[in-house]
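For reference, the structure discussed in these notes is given below.
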Amino acid sequence: MSRQDVPTVTLAALGDQPAIDLPAIGQGTWYMGENRATPEEEVRALQQGLELGLTLIDTAEMYADGGAEKIVGKALQDRRDKAFLVSKVYPWNAGRDSAISACEQSLKRLKTDHLDLYLLHWPGSVPLEETLEAFERLQEQGKIKRFGVSNFDIDDMQAFTELSGGKRCAVNQVLYHLGSRGIEHSLLPWQRQHDIPTMAYCPIAQGGNLRRELLGDPEVNAIAEELNASPAQVLLAWAIRPVDGKRDVIAIPKAVQLDHVRQNAAALSLKLDDEAIARLDAAFPAPGRKTHLDIV
Ligand SMILES: NC(=O)c1ccc[n+]([C@@H]2O[C@H](COP(=O)([O-])OP(=O)(O)OC[C@H]3O[C@@H](n4cnc5c(N)ncnc54)[C@H](OP(=O)(O)O)[C@@H]3O)[C@@H](O)[C@H]2O)c1
């Protein structure tokens, strides 16, 4: 597959930022920096992913108390321009001034002067107006290129986008995988209507409904075998499948094992046909009613 054929998701142009096409699979970093693997292994995994085209890297001040950001900083030391870098602010740090200093701390740990995308990690008690004001100031200062939110359900999205400047929300990052399809009822259609792409976290079901069963599921495994792929690759290809001809979900699996990284990158070229998608739909139907937003 040439780089031109890589499935992408477009973030709309914003101010002086041109529209950008991002590969539909990126890399997560939760649990990095916690000594589950050595820092060298984690750095190598991220760099390998970058080389294989997984150029979006998602992190947060929360992960390992900044430790994951330090790992990302090491991985990007001599190749910052190769990555689209995303980090997140704790809700209690998302005030008018506190979000500015939280971002500056993240930048220090990441050893960079800007984030490509900065997200509010989940809705909290700080008024959204304040967070938005801070995001706009950070943008003016060139410290972030775009902003967005995470773990926002439809009512939160409506509230955010109704604020002055809120329509510039670039993405909503939420839990989404084959076993956890609640967002398909109303949040995803709403985001599609408002042209706000989704970043799918836990795309290989590390958390959320059915998390322990999905990789071992007989239908997932049967389809994987038919396609000469792994069950995780089927889950990734499913998460990023185009709907009505449009692709607007970016999956961000976290992987430290190099074989996992390679599989996840190769999943960019795995296509599920209509029949495979119908079989997965039958095995794991989307709920027919609004459910609580699944979170970890
Ligand atoms: N916004 C939020 O509130 C939020 C919440 C959770 C996560 N996130 C973000 O989303 C990212 C992804 O979510 P997640 O890390 O919770 O879960 P995940 O990506 O669904 O699962 C990660 C686990 O899957 C394993 N894995 C990776 N690739 C695999 C493959 N090809 N085959 C088999 N196993 C594979 C990893 O193992 P190894 O590491 O050993 O390779 C790791 O144990 C996070 O890292 C984080 O950046 C955001």
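Annotations for the structure displayed:
- Unmet requirement for R241, which otherwise passes all of (1) over 17 Å from V6 (Cα atoms); (2) part of a loop (DSSP other than H, G, I, E, B); (3) of a type outside the set (F, W, Y); (4) at pLDDT 95 or above: (1)
- In segment 174-226, the residues that are within 14 Å of the ligand (Cβ to nearest atom) and small (G, A, S): G179, S180, A200, A205, G207, G208, G216, A224
- Of all residues in segment 204-219 being assigned to a helix (DSSP H, G or I) and in contact with a Leu (Cβ under 9 Å, 6 or more places away or on another chain), the one that is surrounded by the fewest Cβ atoms within 10 Å (Cβ to Cβ): E219
- Against the test of being surrounded by fewer than 17 Cβ atoms within 10 Å (Cβ to Cβ) and part of a helix (DSSP H, G or I), the options A286, A222, A267 yield a single qualifying residue, A222.
- Tally of residues being of a type in the set (F, W, Y) and over 12 Å from the mean Cα position of the chain (by Cα) across segment 163-190: 1
- Residue pairs meeting the criteria (Cβ under 6 Å; at least 6 apart or on separate chains; first among the basic types (K, R), in segment 208-232; second surrounded by 16 or more Cβ atoms within 10 Å (Cβ to Cβ) and modelled with pLDDT under 95): R211/A205
- When segment 36-48 is filtered for residues that are within 10 Å of the ligand (Cβ to nearest atom) and either in contact with a Phe, Trp or Tyr (Cβ under 8 Å, 6 or more places away or on another chain) or closer than 12 Å to A265 by Cα (or both), only A45 remains.
- Scanning segment 49-66 for residues that are aliphatic (A, V, I, L, M) and away from the ligand (no atom under 12 Å from the Cβ) yields a count of 2.
- Only residues that are within 27 Å of A37 (Cβ to Cβ) and free of Cβ contacts under 8 Å to residues at least 12 places away in the same chain were counted across segment 233-264, and they come to 1.
- Residues being crowded, with 21+ Cβ neighbours inside 10 Å, closer than 21 Å to I71 by Cβ and not aliphatic (A, V, I, L, M) - total across segment 232-262: 2
The values are calculated or read from the model by the stated rules, or taken from the named source; none is laboratory data. Everything numeric in this text was worked out from a predicted model, so none of it was measured. Note that we place each Cβ from the backbone using ideal geometry, even for glycine, and neighbour counts take in every protein chain shown.
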